[in-house]
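The values are calculated or read from the model by the stated rules, or taken from the named source; none is laboratory data. Everything numeric here is computed off the predicted structure, so don't read it as measured data. Counting neighbours? That spans all protein chains shown, and the Cβs are built from the backbone with ideal geometry, glycine included. Calculation scope for accessible area: heavy atoms of the full protein, side chains included, ligands and nucleic acids excluded. Shrake-Rupley method; radii C 1.70, N 1.55, O 1.52, S 1.80 Å.
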Amino acid sequence: MRRPDLAAILALRELDPTVPDPFEKSAEAASGKLRRTCGGLPFVLENGKGSTRSGVDKDGKAWSCMMAVDYGFIAGTLGEDGDEVDAFVADDCTADSTLPVYVIDQKRVDTGAHDEQKLMIGFASEAEARKAYLDSYEEGWDGIEAIRELPIEDVVAKVEKANGRTKLKF
C-alpha cells in the first residue's frame, strides 16, 4: 500500500483538521499528547519545557532532568534505535519555519560509542541549539559526539522518503 505524501497531508491538515492523520500509530503511542508542526515536521510532545524527564539507565540507576525546551519525537519516523526520531523544539518554532535543523550525534557517556541522534528544530544558531540540549541534561553531561547543521528542507525530504519504514540517519 502506498503511504500518503507527508508534505501534502500536513498542508491539507493545516487547512482542514478533519483530513485523516497519516501518523495514527505514532499518535496512539503518544496517548493523546500534544502535536504540532515545526518547520514542516510533525512533532509529538513527550515532555514540555519545564517538565521533568526521567528514566532508568542500563545499570538500573534512576535519572531525571528538567527540560529547557519541548522534547518529543517526529511522528511517523524510525530512528537508529528503533524508536521515533527524538527532537527538541524551540519555543517559537512554527509550521513554516525555515531555520536549519541541528543534528546532535549523541554518544554514550560510559563508553564514548555512538548512541543515537537528536534533532534540534527551530533554533537560530548552533550555539542556541547546543545550549538547549545541554540545559536539558544534568550539569556536566557530556553526551555530544558531534553537531551539524542541515537545511530544514533536506530533513523534511529525508523523513518523507523514509516513510516510517527506513531507519533514519542524518
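In this calculation the C-beta distance from Trp63 to Ser125 is compared with R0 = 35 Å, giving a FRET efficiency of 0.80. I want to check the label-to-label distance for Ala146 and Asp115. Put each point 7 Å from Cα in the C-beta direction and report it in nm to one decimal. Computed distance between label sites Ala146 and Asp115 equals 1.8 nm. Charge tally around Lys58: other residues with Cβ under 15 Å, Lys/Arg +1 each, Asp/Glu -1 each, net -3. Modelled this way, with points 7 Å down the Cα-to-C-beta line, the labels at Asp81 and Glu139 are 2.5 nm from one another. In this view, the solvent-accessible surface of Arg36, computed with a 1.4 Å probe and all protein chains in place, comes to about 70 Å². Inter-label distance, Arg35 to Arg53: 2.1 nm, where each label sits 7 Å from its Cα along the C-beta direction. Surface analysis of segment 95-167 yields an accessible area of 52 Å² per residue, using protein heavy atoms and a 1.4 Å probe.
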